[in-house]
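Each remark here refers to the structure printed beneath this line.
The values are calculated or read from the model by the stated rules, or taken from the named source; none is laboratory data. The structure displayed is predicted, hence computed values, not measured ones. FYI the Cβ positions are ideal-geometry reconstructions off the backbone, even for glycines, and counts take in every protein chain you see. Surface accessibility is based on the protein's heavy atoms, side chains included, excluding ligands, DNA and RNA. Shrake-Rupley method; radii C 1.70, N 1.55, O 1.52, S 1.80 Å.
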Amino acid sequence: MDLNIGTATANDLTHALKTGEISSRELLDELLSRADRVNPALNAIVAWDIDRARLAAAAADEATAKGEATGPLHGLPMTVKDVWETEGLVTTSGAPALADHVPQQDAIAVARLKEAGAIIFGKSNTPMYAGDWQTYNEIYGRTSNPWDVSRTTGGSSGGAAAAVAAGLTPLELGSDIGGSIRIPAHYNGVYGLKPSWGIVPLRGHIPGPPGSLVEVDVGVGGPIARSVADLRTALEVMAGPLPENSAWRLHLDAGAELNDVSQLRVGTLFDEGSDVVPIAGDVRASLDRFASRLADAGARVQATRLPVPLIDGFRVWRDITLPVIGLGFPQDEYAAMAELAKSAGDDPMIEVARAATSSYLSWMRATELRQHQRVAWAEFFGQFDVVLAPVMPTVAFPHDTDRPLAERLIDVDGVGVPHFAAAAWCGAIGAALLPVVTLPTGLSPAGLPVGVQVAGPFLSDLRLLRAAELLESAAEVTFMPPPAD
């Protein structure tokens with residue numbers, strides 16, 4: 001077989017399945033064999049559904065032989081982040097309280113992937129309740145970066161991004177409320193899509209609590225893959241209204257008229273926010289090279305200013321999303337946070353506790369501020385088709401899971417930046433509900449991946465993906481696998 005499953009895109013593999021170059025059973029066995037070799041050092045995939053996956057692969061092969069296909073992912077084995085409920089397969093969200101939680105039905109996004117022909121053979125690791133920018137928990141332990149196992153994969157979709165980068169799965173379903181797709185994509189050198197809020201149903205995602213029907217604010221589900229085309233395929237499969245909202249239909253502008261990078265007005269935001277979080281020199285150099293290649297290829301690249309100060313956007317993100325994250329806490333943990341919130345002072349952990357247990361009045365005030373920021377972003381996109389922003393200030397850093405989040409510092413060229421603040425770029429853009437594609441831009445001098453956020457207007461998802469394809473082609477970037485296992 002000429003196909004390299006460790007680097008092939010999902011679309012490459014579905015084409016090979018369709019043409020008979022490989023069967024679904026063979027592909028699944030190849031992935032499982034690779035996982036036997038590679039996964040023990042990474043701990044990216046933590047729960048398995050091999051017997052049912054083999055039955056589903058056999059059924060897919062029989063359908064293929066008859067000229068029948070269930071959809072664009074027909075016969076494709078893949079994994080999903082362990083926050084998405086999967087019928088008959090344990091779903092823990094990394095929480096000891098849910099160690100034995102086996103859902104009776106799939107999350108809507110998972111069901112749509114299966115309806116399109118995907119075969120779920122395992123779950124990828126996540127921090128407890130998806131509540132950290134590193135991936136580790138008491139049930140499954142810590143996940144390591146395939147580029148350097150002494151370093152983090154990021155979080156909370158860290159297992160997902162590591163699995164895609166390491167060739168353990170061609171496609172993943174992650175989620176993102178504060179960078180949880182974008183940060184792992186950046187650290188692991190893969191592609192990620194944080195869709196516009198509301199177009200991919202979150203029902204069946206933990207948190208909120210198991211069985212919750214409410215669609216939480218800011219949080220989204222989205223794909224992680226090895227190409228922009230794969231992100232588009234997965235989005236088109238999963239996007240659409242909730243079952244009870246079937247009176248409306250989702251129609252997104254596909255950007256069909258975009259055929260050359262010279263058509264794109266590209267804003268760069270690399271100089272903004274240095275008073276909040278500095279950017280390491282190696283990361284900044286990679287971002288600058290990426291922008292320069294775009295300009296050399298004919299894109300209209302212009303350094304610009306944020307429509308909303310970074311610190312204001314990040315504070316609104318904090319005040320809107322931390323109550324959402326608090327929904328997933330067990331009652332005793334929530335009560336402890338509420339008690340901490342009564343403390344005097346402005347210690348970062350006290351501020352986190354206040355936001356996580358805030359009143360509805362406080363949340364609505366933050367939501368009103370957010371709406372003003374969204375209007376500013378909409379006006380801003382009258383000048384630009386897309387904007388480029390950092391994901392995180394550094395490349396993947398050494399594991400730092402022994403200290404509480406509030407005590408962690410990230411070393412940015414000798415300056416200690418609080419881990420919470422380091423995600424300011426992801427939070428400020430995410431709070432505005434914008435779609436974001438994370439593209440790889442190359443490797444740092446230390447040989448570690450660097451990614452860039454490519455953001456577009458609300459509900460421009462397909463147009464943004466088309467623009468991202470033009471950008472990656474013009475900059476001559478593509479997926480690079482980690483060093484050989």
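When Gln371 is tested against (1) touching a residue at least 40 places away in the same chain (Cβ under 8 Å); (2) open to solvent by 30 Å² or more (accessible area, probe 1.4 Å), just one condition goes unmet, and that condition is (1). Restricting attention to the range 120-148, the residues that are outside any loop (DSSP other than H, G, I, E, B) and open to solvent by less than 10 Å² (accessible area, probe 1.4 Å) total 5. Being open to solvent by less than 10 Å² (accessible area, probe 1.4 Å), more than 16 Å from Ile181 (Cβ to Cβ), at pLDDT 95 or above and of a type outside the set (Ser, Thr, Tyr) holds for only one residue in Ile410, Ile429, and it is Ile410. Reported count of residues in the range 430-457, each being closer than 30 Å to Leu369 by Cβ and outside any strand (DSSP E or B), is 8.
With the condition kept exactly as written, say whether any residue in the range 196-218 is of a type in the set (Lys, Arg), modelled with pLDDT of 95 or more and open to solvent by less than 10 Å² (accessible area, probe 1.4 Å). Can you show your working first?
Start the filter on the range 196-218 by keeping residues that are of a type in the set (Lys, Arg), which leaves 203.
Keeping just the survivors that are modelled with pLDDT of 95 or more gives 203.
From what is left, the residues that are open to solvent by less than 10 Å² (accessible area, probe 1.4 Å) are none.
Checked the range 196-218: no residue is of a type in the set (Lys, Arg), modelled with pLDDT of 95 or more and open to solvent by less than 10 Å² (accessible area, probe 1.4 Å).
Whenever a residue of the range 464-481 is under 18 Å from Val450 (Cβ atoms), its partners that are among the basic types (Lys, Arg) and open to solvent by less than 20 Å² (accessible area, probe 1.4 Å), lying with C-beta atoms within less than 7 angstrom and at least six residues away or across chains, give the pairs Phe479/Arg226. Picking from residues in the range 421-433 that are under 17 Å from His186 (Cβ atoms) and of a type in the set (A, V, I, L, M, F, W, C), the one that is farthest from the chain's Cα centre (by Cα) is Ala421.
Residue check: is Ser362 outside any helix (DSSP H, G or I), open to solvent by 10 Å² or more (accessible area, probe 1.4 Å), more than 27 Å from Glu138 (Cβ to Cβ) and touching a helix residue (DSSP H, G or I) at 6+ places or on another chain (Cβ under 9 Å)?
So Ser362 fails the test.
Filtered by the rule that a residue be surrounded by 12 or more Cβ atoms within 10 Å (Cβ to Cβ) and either in contact with a Pro (Cβ under 6 Å, 6 or more places away or on another chain) or basic (Lys, Arg) (or both), the range 236-277 gives Leu242, Arg265, Val277. Among residues of the range 130-150 that are of a type in the set (Asp, Glu), those with a beta-carbon under 6 Å from a residue that is open to solvent by less than 20 Å² (accessible area, probe 1.4 Å) at least six positions away or on a different chain give the pairs Asp132/Gly155.
State yes or no: is Glu87 crowded, with 16+ Cβ neighbours inside 10 Å, free of Cβ contacts under 8 Å to residues at least 40 places away in the same chain, among the acidic types (Asp, Glu) and out of contact with any strand residue (DSSP E or B) (no Cβ under 9 Å at 6 or more places or on another chain)? Walk me through how you get there before you give the answer.
Numbers: crowded, with 16+ Cβ neighbours inside 10 Å: yes; free of Cβ contacts under 8 Å to residues at least 40 places away in the same chain: yes; among the acidic types (Asp, Glu): yes; out of contact with any strand residue (DSSP E or B) (no Cβ under 9 Å at 6 or more places or on another chain): yes.
So Glu87 fits the description; yes.
Hey, can you tell me all the residues within the range 458-476 that are assigned to a loop (DSSP other than H, G, I, E, B) and crowded, with 20+ Cβ neighbours inside 10 Å?
Start the filter on the range 458-476 by keeping residues that are assigned to a loop (DSSP other than H, G, I, E, B), which leaves 458-460, 476.
Matches in the range 458-476: Leu459, Ser460.
Looking at (1) assigned to a loop (DSSP other than H, G, I, E, B); (2) farther than 23 Å from Val386 by Cα, which is the only condition Asp319 fails? Just one mismatch for Asp319, condition (1).
Just to be sure before I move on: is Arg305 out of contact with any Leu (no Cβ under 6 Å at 6 or more places or on another chain), assigned to a helix (DSSP H, G or I) and open to solvent by 60 Å² or more (accessible area, probe 1.4 Å) in the structure I sent? Break it down stepwise before answering.
On the way: out of contact with any Leu (no Cβ under 6 Å at 6 or more places or on another chain): yes; assigned to a helix (DSSP H, G or I): no; open to solvent by 60 Å² or more (accessible area, probe 1.4 Å): yes.
Judged against the criteria, Arg305 is not a match.
Taking the range 319-330 as the range and being surrounded by 22 or more Cβ atoms within 10 Å (Cβ to Cβ) and either modelled with pLDDT of 95 or more or touching an Asp or Glu at 6+ places or on another chain (Cβ under 8 Å) (or both) as the test, the residues that pass are Ile320, Thr321.
Checked against the criterion of being modelled with pLDDT under 95 and of a type outside the set (S, T, N, Q), the range 366-380 has at least one qualifying residue.
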